[in-house]
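The values are calculated or read from the model by the stated rules, or taken from the named source; none is laboratory data. The model shown is predicted, which means the values in this text are computed figures rather than measured ones. Here the Cβ positions follow ideal geometry from the backbone for every residue, glycine too, while neighbour counts run over all protein chains shown. When the accessible area is computed, the model is the full protein with side chains, heavy atoms only, and any ligands, DNA or RNA have been set aside. Shrake-Rupley method; radii C 1.70, N 1.55, O 1.52, S 1.80 Å.
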Amino acid sequence: MVEAAADQKPVSGLTSGEAQLRLKTSGPNLMPDTALHPLRMAFAKFWAPVPWMLEAAIALELILGKYVEAAIIAALLVFNAVLGFFQESRAQATLAALKSRLALSASVRRDNAWKTVAAAELVQGDVVKLSLGAVVAADVRITDGEVLLDQSMLTGESVPIEAGTGVQTYAGALVRRGEAVAEVMATGARTKFGRTAELVRSAHVKSSQEKAVFRVVRNLAACNGVIILLMVGYAYFLKMPIADIIPLALTAILASIPVALPATFTLASALGARALAKLGVLPTRLSAVDEAASMDVLCVDKTGTLTQNELTVTSVQPLPEFDEAQVLALAAMASSDGGQDPVDAAIRSAAAAHKTAETMRLIAFTAFDPANKRSEATFTDTNGAAQRVAKGAYSAIVSLAPVSVATATAAHDLESKGFRVLAVAAGSATVMKMVGLIALSDPARADSPGLVTALRALGVRTIMVTGDAAATAAIVAHTVGLDSAVCPAGPIPADVRPEQFSIYAGVLPEDKYKLVKSFQKSSHTVGMCGDGANDAPALRQAQIGIAVSTATDVAKSAAGMVLTKAGLAGIVAAVNEGRLTFQRILTYTLNSITKKIVQVLFLAVALIMTGHAILTPMLMVIIMITGDFLGMSLTTDHVRASATPNAWRIRNLTLAGALMGVGELLFCTAIFAYGKYVMHLDLNALRTLAFVVIVFGNQATTYNNRERKHLWASRPSGWVMISSGADILIATTLSVIGIAMTPLPIIVVLGMLAGAAVFAVLFDFVKEPAFRGLAVN
């Protein structure tokens, strides 16, 4: 992407004083940092539905003077926040270490002398030197000289561009050949790609986790809120003192809070991230691990992502009397050795792989001249005779050597397919003949076809999105297995759907961003994989942005995952690991819905049966600590990844949780009724019995919920069994010894435990078909 401007005389540069004044006015030549401030990150952990409920409970406890209970709930709140903040901060710190630490510098003319300064100090009007291998540090207009610019990281164009006097180019381009002097036209956020940075800042999509937590809490609040209001109304009808009604309401509120749900999402994603790190994938946003499970569309950049971003000789078409090896050998004579010109490097590499028996010795070499678009060399052939060879654009070489209609047609066909076509002519100093044609392209990575095939098998549609030409994109698409329609040139339709086209070519950074948003509006979970600054807005907007290992720092900062190893295998690994993580989170969420429903309903049933609040706030806090937090061990459980993309079906999940909750309620009510009407336990003993039966009932439904099939279809993980044993042991110890409650005979406690085990096995025959019908998978 270069722009021509009217030729102007080269400027002499600024003085140091002028540069300092402009720097104060315009600011440094840097893009604004898009990372969240640590304080904002920390505050966000306390501003969400679950924290709000915990904060309300803390306020009620303080009003009642229950400072110990308030402190315990506050500790749970802080634990949730610290866990999430720590995991996200660690990921960001890892990314910072991964990014390049080299300070960019620029050669600038100040005070009539060339100096090297930090790129951040450049200002508009500075005169800079563009040298071989340097990165253009700002938007500039060339005033003198010729350079070959690689802008693939900015525009997606795979072929370098010749740029001379009057041509404007942009920050981030790489100088592959030549040297030039240029005037700085814009810096920082005012550069051509400053709007890309603005898109990155404005891009945002709520993660599926955020939406899932909000909808689960909303459903529980709506359901349990009605029950709590009815309980309070019934208590008032019974003429219970206000001093008893408030603790009843507080206990019910605590019973309905899925206190460890956010922490479990974070922990499960962190464990998934750790597993991915071993496979060469660094999740920089933990939500990306879960999003990978739901991804059903992956938009992939072409240059540098599906392709190697390295020109390679694709085809050689020798004319009669010559073979491929001879054409390449002659072309190599007219190619620079050891420079950064990607065309010359590709030809020399191909020539080295196709040895010829002829012996040629270089006499003189004339580098590529942008004016006549060719390079030349003089050499001696096997017979010692001096020969001349020229290599360059087809249009430039035909002026040196006549061509047949067939050769002209072949060159046109290659160009129409998106190849860069070079012609080679050789002969005496005065008479030359066409030797052959060489087609170059940026070839697909060896693992790109495998990626497309593997994702298709996993139910993920792959779509190529590139700034390159449609013809070039179509060649690569066919190579990697994307043979569907190409989106017509022009603006992308606002209501475009993923199944309509597989290739989008000639798109700008804002087009990629808009395309991702369009797919998201049609309820797709969209991934974006890229490597350049032009991919950054789409990487940030996508639910899962993936930057390849060779990506720019801008792309890595915008992405939710960074591949740390060469190749694309990490994408498939992310999908598979994400689906395992999703199943663990799904189990905990289902288990949490079950517990919260049964606990509130059981409080209501016990209130009706006894006329009293059967559990105190302290007993409910103990249940929260032992049940909710020990239940986080489900993040380590043995699960099966689904064959297709996952989705949060909150309605079905709530119905499944309600079914499990009603089943557990029947079990708890039966035990409670036995204790009251058969054993004739007093109120305090019934409180202990209620505490124990809830703990044991929760354990029973946990084993039902963890397995979508029958509970014996898979073995729980070691941590699940340990935490389950710990929960049972704590409840048994407290109830038998009588800590914070009236003691019960151990035989009664063990009898309830045996009853819970029988209930789990019998109820599993109801659960399995219900889960299948509700598509809980």
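Leaving ligands, DNA and RNA out of it, work out the accessible area of Val761 with a 1.4 Å probe and give it in Å² to the nearest 10.
Accessible area of Val761: about 70 Å².
How would Val313, Val600 line up by accessible area, probe 1.4 Å, largest first?
Putting Val313, Val600 in descending order of accessible area: Val313, Val600.
Near Ala558, within a Cβ-to-Cβ distance under 9 Å, what is the net charge of the other residues, with Lys and Arg +1 and Asp and Glu -1?
Surrounding charge for Ala558 is +1.
Can you tell me how much longer the chain between Ser416 and Leu23 gets when fully stretched, taken as 0.36 nm per residue apart minus their C-alpha distance, in nm with one decimal?
Full extension from Ser416 to Leu23 adds 136.7 nm.
In what order, largest first, do Trp719, Trp648 sit by accessible area if the probe radius is 1.4 Å?
Largest accessible area first, the list is Trp719, Trp648.
Show me, for region 235-250, the HN-Hα J-couplings you get by feeding each phi into the Karplus relation (A = 6.51, B = -1.76, C = 1.60, θ = phi - 60°), rounded to Hz, glycine and proline as x.
Values per residue, Gly and Pro as x: 4, 5, 4, 6, 6, 5, x, 4, 5, 9, 5, 5, x, 4, 5, 5 Hz.
With a sphere of radius 9 Å drawn around the Cβ of Gly530, what net charge do the other residues whose Cβ falls strictly inside it have (Lys, Arg +1; Asp, Glu -1)?
Net charge around Gly530: -2.
What do you reckon, how do Thr616, Thr587, Thr479 stack up by accessible area (1.4 Å probe), largest on top?
Result, largest first: Thr479, Thr616, Thr587.
Amide H of Leu149 versus every other amide H placed in the peptide plane: which residues, excluding those fewer than 5 positions away on the same chain, fall under 5 Å?
The answer is Ile161, Glu162, Ala163, Arg176.
Return, ordered by residue number, the residues of region 385-420 whose backbone nitrogen is under 13 Å from a label point located 7 Å along Cα→Cβ of Ser428.
Of the residues in region 385-420, 385-388 have backbone N under 13 Å from the label point off Ser428.
With θ taken as phi - 60° and the coefficients 6.51, -1.76 and 1.60, list the Karplus ³J(HN,Hα) couplings across region 540-555 in order, rounded to whole Hz; mark glycine and proline as x.
For region 540-555, the Karplus curve yields 6, 6, 5, 4, 9, x, 10, 9, 6, 5, 8, 5, 6, 4, 4, 5 Hz.
Just tell me which aspartates and glutamates come within less than 13 Å, Cα to Cα, of Lys391; anything on the same chain fewer than 8 places away is out.
Asp344, Asp369, Glu376
For a quick check: with amide H placed at 1.01 Å from N, whose amide H comes under 5 Å from Val435's, ignoring anything fewer than 5 positions away on the same chain?
Hits under the 5 Å cutoff: Val424, Ala425, Ala426.
As an exercise, use a Förster radius of 41 Å and the Cβ-Cβ distance of Ser484 and Thr366 to find the FRET efficiency, rounded to the nearest 0.05.
My answer for the efficiency is 0.35.
Please compare each pair in Lys373/Lys433; Lys192/Lys565; Lys302/Lys417 to a cut-off of 23 Å on the Cα-Cα distance and tell me which ones are over it.
From the list (Lys373/Lys433; Lys192/Lys565; Lys302/Lys417), the Cα-Cα distance tops 23 Å for Lys192/Lys565.
Do any of Lys206/Lys517; Lys211/Lys512; Lys521/Lys596 go past 22 Å between their Cα atoms, and which?
The answer is Lys211/Lys512; Lys521/Lys596.
Can you list the HN-Hα couplings for region 439-444, worked out from phi with the Karplus curve (6.51, -1.76, 1.60; θ = phi - 60°), rounded to whole Hz and with x for Gly and Pro?
Residue by residue, region 439-444 yields 9, 10, 7, 8, x, 5 Hz.
Which of these values of Cα extents along the principal axes in Å was calculated from the structure shown: (1) 108, 56, 54; (2) 118, 62, 42; (3) 98, 57, 42?
(2)
In nm, what is the difference between 0.36 nm times the number of residues separating Ala393 and Asp337 and their Cα-Cα distance?
That works out to 18.2 nm of additional length.
Using the basic label-point model (7 angstrom from Cα toward the beta carbon), what is the Ala643 to Asn684 distance in nanometres?
6.0
How big is the accessible area of Tyr234 in square angstrom, nearest 10, if you roll a 1.4 angstrom probe over the protein chains?
The accessible area of Tyr234 comes to roughly 80 Å².
Over the heavy atoms of Arg640, what accessible area does a 1.4 Å probe trace out, to the nearest 10 Å²?
Around 120 Å² of this residue is reachable by solvent.
Which FRET efficiency value, to the nearest 0.05, do you get for Arg40 and Leu729 by plugging their Cβ-Cβ distance into 1/(1 + (r/R0)^6) with R0 = 51 Å?
0.75
Obtain the nm distance between the two label points defined at Thr380 and Lys115 by a simple spin-label model: each point lies 7 Å from its Cα along the Cα-to-C-beta direction.
About 5.3 nm separates the two model spin labels.
Non-local amide H neighbours of Ile463 (under 5 Å, H modeled in plane, Pro and chain starts lacking H): which ones?
Residues meeting the criterion, in which the H sits 1.01 Å from N, are Leu298, Cys299, Val300.
Counting alpha carbon pairs within less than 8 Å and at least 6 residues apart, what relative contact order, in whole percent, applies to the chain?
It rounds to 13 percent for the chain.
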